[in-house]
Amino acid sequence: MKLASLKHGRDGRLVVVSDDLAWCAAPPPMYPTLQAALDDWAHAEPVLRGVAESLAHDAVPHSRFHEREAAAPLPRAYQWADGSAYVNHVELVRRARGAELPASFWTDPLMYQGGSDNFLAPRDPIPFVDAGWGLDLEAEVVVVTGDVPQGASRDQALAAILLVGLVNDVSLRGLIPDELGKGFGFVQSKPASALSPVFVTPDALGAAWVDGKLHGLLSVDLNGQPFGRADAGQDMTFDFGTLVAHLAKTRSIGAGSIIGSGTVSNRGSDGGPGQPVEAGGRGYSCIAEVRMVETIEGGAARTGFLAPGDVVRIEMLDARNRSIFGAIEQVVA
């Protein structure tokens with residue numbers, strides 16, 4: 001089942017979307033928003049699945065689904081916590097500045113609490129303010145949970161994952177060092193992120209969803225050229241069940257919480273840093289990573305961060321070459 005929110009008020013208007021993303025239908029009035037459905041998921045899910053089934057058989061009033069008319073599926077959420085499940089990415093960051101990777105990073109996930117009061121729509125521009133802020137994209141996978149009790153096990157956490165989607169976790173690289181230097185985490189360096197047009201239930205992902213990991217190429221294009229083709233299911237040190245359980249260690253998690261994977265990152269075929277797509281590699285899911293590789297291999301970064309007019313596109317296709325979540329496509333403005 002695929003769900004989206006059309007632009008309407010602050011929280012959007014929930015619609016059920018066809019598998020091919022061509023059509024959408026409204027659920028009953030008791031579920032006007034995605035958050036309303038998540039709050040009552042035990043009763044809402046069968047109702048929404050009934051709408052999806054009717055939509056598939058052309059047995060319910062429906063209209064064309066246009067991604068440009070979509071808001072973020074959750075325009076504002078109760079929680080946005082982003083992990084760093086791909087330790088290869090963290091290792092490259094530290095190698096580029098000559099620092100060793102603590103052994104605990106392989107067993108204890110990194111995670112920060114981001115701003116969740118305003119998610120960008122998938123076609124909203126990325127605001128550009130100051131070149132010195134180092135505007136960067138970050139292509140990631142996200143999940144949305146139901147209620148998760150404090151101290152939940154990995155299996156309990158995995159069962160609480162209700163939806164899966166994509167995010168462009170916008171970062172301001174030039175502001176990160178000073179914030180981390182304060183020892184208190186990200187704030188100004190993490191502005192609003194953009195979510196994919198559609199969120200999908202794990203069962204609808206079929207063989208692509210295995211043990212809390214989404215397998216498939218995460219396509220990142222920059223100005224119409226392939227920038228990243230990393231497989232989201234490879235080199236993922238911590239699956240989503242582990243990430244959600246990590247967050248729930250000391251507190252319960254409310255329905256509608258969004259948890260991110262961190263930047264999707266693959267090692268090179270030789271086990272070393274990944275190579276650009278044009279060189280036959282998997283490329284990168286953020287500009288910072290290619291700059292790290294350039295620094296490690298050549299002593300200095302050459303690739304610049306995002307500038308006005310740049311176009312970022314993030315998408316994942318299924319085995320039939322159809323878009324699963326729709327595309328995040330944003331112009332830097």
Practice item. Go through the stretch 242-270 and give me each residue that's closer than 21 Å to Arg154 by Cβ, open to solvent by 10 Å² or more (accessible area, probe 1.4 Å) and hydroxyl-bearing (Ser, Thr, Tyr). Key: Thr242, Thr250, Ser252
Point to revise | Residue ID - farthest from Ala4 (Cα to Cα), chosen from residues in the stretch 113-160 that are charged (D, E, K, R) and open to solvent by 60 Å² or more (accessible area, probe 1.4 Å) | key: Asp130
Exercise for review: Might you let me know whether the stretch 304-315 holds any residue that is in a strand (DSSP E or B), within 30 Å of Asp39 (Cα to Cα) and not aromatic (Phe, Trp, Tyr)?
Suggested key: yes
Check your understanding: Just a yes or no: is a residue in the stretch 200-212 open to solvent by 60 Å² or more (accessible area, probe 1.4 Å) and part of a strand (DSSP E or B)?
Key -> yes
**Study point:** Members of the stretch 48-71 found to be part of a helix (DSSP H, G or I) and among the β-branched types (Val, Ile, Thr), listed by number
**Key:** Val51
Practice item. Any residue in the stretch 121-135 that's at negative phi: show its pairings with residues that are part of a strand (DSSP E or B) and among the small types (Gly, Ala, Ser) at Cβ separation under 8 Å, as long as the two are six or more apart or on different chains. Key: Ala121/Ala70; Ala121/Ala194; Pro122/Ala70; Pro122/Ala194; Arg123/Ala70; Asp124/Ala194; Ile126/Ala194; Leu135/Ser171
**Study point:** Residue in the stretch 161-181 that is open to solvent by 20 Å² or more (accessible area, probe 1.4 Å), basic (Lys, Arg) and outside any loop (DSSP other than H, G, I, E, B) present
**Key:** no
Check your understanding: If you check Ala301 against the conditions, is it among the aliphatic types (A, V, I, L, M), at pLDDT below 95 and exposed (fewer than 13 other Cβ atoms within 10 Å of the Cβ)?
Key -> no
Check your understanding: Has the stretch 229-241 got any residue that is open to solvent by less than 60 Å² (accessible area, probe 1.4 Å), in a helix (DSSP H, G or I) and of a type in the set (A, V, I, L, M, F, W, C)?
Key -> yes
Review point. Consider Ser84 against the criteria (1) closer than 29 Å to Pro125 by Cβ; (2) at pLDDT 95 or above; (3) of a type outside the set (Val, Ile, Thr); (4) buried (at least 17 other Cβ atoms within 10 Å of the Cβ): it satisfies all of them except one. Which criterion is unmet?
Key: (2)
Check your understanding: Do we have any residue at all in the stretch 286-308 that's among the small types (Gly, Ala, Ser) and in contact with a Pro (Cβ under 9 Å, 6 or more places away or on another chain)?
Key -> no
Review point. Are there any pairs with C-beta distances below 7 angstrom linking a residue in the stretch 318-329 that is assigned to a loop (DSSP other than H, G, I, E, B) to a residue that is aliphatic (A, V, I, L, M) and open to solvent by less than 10 Å² (accessible area, probe 1.4 Å), with the two at least 6 apart or on different chains, and if so which?
Key: Ile324/Val200; Ile324/Met316; Phe325/Leu166; Phe325/Val198; Phe325/Val200; Phe325/Met316; Gly326/Val198; Ala327/Ile314
Check your understanding: Out of all the residues in the stretch 213-228, which are open to solvent by 20 Å² or more (accessible area, probe 1.4 Å), within 16 Å of the chain's Cα centre (by Cα) and within 30 Å of Pro125 (Cβ to Cβ)?
Key -> Leu217, Ser219, Asp221
Review point. Can you pull out the residues in the stretch 37-80 that are open to solvent by 20 Å² or more (accessible area, probe 1.4 Å) and of a type in the set (Val, Ile, Thr)?
Key: Val47, Val60
Review point. Are there any pairs with C-beta distances below 8 angstrom linking a residue in the stretch 167-192 that is at negative phi to a residue that is open to solvent by 50 Å² or more (accessible area, probe 1.4 Å) and of a type in the set (S, T, N, Q), with the two at least 6 apart or on different chains, and if so which?
Key: Leu172/Gln188; Leu175/Gln188; Glu179/Gln188; Ala192/Asn118
**Study point:** Contacts under 6 angstrom Cβ, first residue in the stretch 70-98 being closer than 26 Å to Gly299 by Cβ, partner of a type in the set (D, E, K, R) and part of a loop (DSSP other than H, G, I, E, B), 6 or more apart
**Key:** Tyr86/Asp235; Asn88/Asp235; Asn88/Arg267
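The values are calculated or read from the model by the stated rules, or taken from the named source; none is laboratory data. Because the structure is a prediction, the values reported are computed rather than measured. When we count neighbours, we look across all protein chains shown, and the Cβ atoms used for this are built from the backbone with ideal geometry, even at glycine. Areas reflect the complete protein model, heavy atoms only, side chains present, ligands, DNA and RNA absent. Shrake-Rupley method; radii C 1.70, N 1.55, O 1.52, S 1.80 Å.
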